[in-house]
Amino acid sequence: MSSNIQPTPGDDVLMGTAADDVIDGLAGNDTLQGDDGNDDLRGGAGNDDVRGDMGNDELRGNSGNDTLRGGAGDDKLLGAGGVDILYGGGGNDTINGGTGNDTAYGGKDDDRLYGLSGDDTLFGNSGNDTLFGNEGNDKLSGGSDIDILYGEIGNDTLNGGSGNDTLIGADLDSAQIGLGEVDILTGGTGADLFVLGNASQAFYNDGNDGDLGLADYVIINDFRLDQTDVIQLSNQENYSLGSSPTGLPSGTAIFMDSNGQDELIAVVKNVTLSDFSSGFSFV
């Protein structure tokens, strides 16, 4: 049984029922409340406040600056246009920021957050979350538990938080992964994996043997052997360690060997060469 709530083009306050509601706010700055049931809530044009409440709900913003709150249940949230704020709430939620510089919060369960376009800020919070920055210069924070963070396109800042997290700053779909990107990775507490290469290539390699590669590299803020952190590199290349280049944070630099100038791949802050008795894996 479903219920269809009728809006107006103005600023509406529309309340759902215990049934599975379909509510479209149309134009105006609307407040939509789903109540019980598996609801389909669409903010329409304007700056809307859309709340799913109970059930497995689908919430959509539109062109305005919207606030979406999933509530309990496994919800799907899409901000669409504008600068949106999205809260997953309880349940295993899927959150898409859409266009604009959005902020998304995953809630307490196992969520998937996508920034899409724009410079987005994503918080996984508790639960085993997966965060995708997509396009733009994004900030991703995993929160507690075991999270996977993908910065993808742009200069991204990733923070795993507590738990054994995996941090991948670059866009894995690029032909040259990490080209033109400067990403900042912080693992937080726990045994974290920093991914700087895969079985096919080294990341952050511009392919130019004539320069140091200062347009694309990673800064790792908190590599800790006592927490069994690991840096993953590509088995297709040879690497060397050295001092951090002038002008970059102090620490140990990871270079990829080349026929000319070695390529800078990463700077591991506040770690000396003698500290690296282990900590690498090759794939």
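The values are calculated or read from the model by the stated rules, or taken from the named source; none is laboratory data. These numbers were taken from a predicted model, which means no experiment stands behind them. Ideal geometry is used to build each Cβ from the backbone, glycine not excepted, and the neighbour counts take in all protein chains shown.
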(1) surrounded by 19 or more Cβ atoms within 10 Å (Cβ to Cβ); (2) in contact with an Asp or Glu (Cβ under 6 Å, 6 or more places away or on another chain); (3) at pLDDT below 95 all hold for Leu14 apart from (2)
The condition of being of a type in the set (S, T, N, Q) and under 21 Å from Ser278 (Cα atoms) holds, among Thr228, Thr157, only for Thr228
Can you name the strands (runs of 3 or more DSSP E) wholly within the stretch 200-283 that have at least 2 residues being surrounded by fewer than 20 Cβ atoms within 10 Å (Cβ to Cβ)? 230-233, 239-243, 280-282
Considering only residues of the stretch 53-97 that are under 20 Å from Ser126 (Cα atoms) and of a type in the set (Val, Ile, Thr), which is surrounded by the most Cβ atoms within 10 Å (Cβ to Cβ)? Ile95
Only strands (runs of 3 or more DSSP E) wholly contained in the stretch 16-76 count here; list those with 3 or more residues that are in contact (Cβ under 8 Å) with a residue 60 or more places away in the chain, out of contact with any helix residue (DSSP H, G or I) (no Cβ under 9 Å at 6 or more places or on another chain) and on the phi > 0 side of the Ramachandran plot. none
Within the stretch 161-198, residues touching a residue at least 24 places away in the same chain (Cβ under 8 Å), more than 16 Å from the chain's Cα centre (by Cα) and within 23 Å of Gln261 (Cα to Cα) come out as Gln176, Ile177, Leu179, Gly180, Leu196, Gly197, Asn198
Any chance Ile168 is out of contact with any strand residue (DSSP E or B) (no Cβ under 8 Å at 6 or more places or on another chain), buried (at least 24 other Cβ atoms within 10 Å of the Cβ) and closer than 22 Å to Ser117 by Cα: no
Subset of the stretch 36-52 that is charged (D, E, K, R) and surrounded by fewer than 19 Cβ atoms within 10 Å (Cβ to Cβ) - its residue that is farthest from Gly79 (Cα to Cα): Asp36
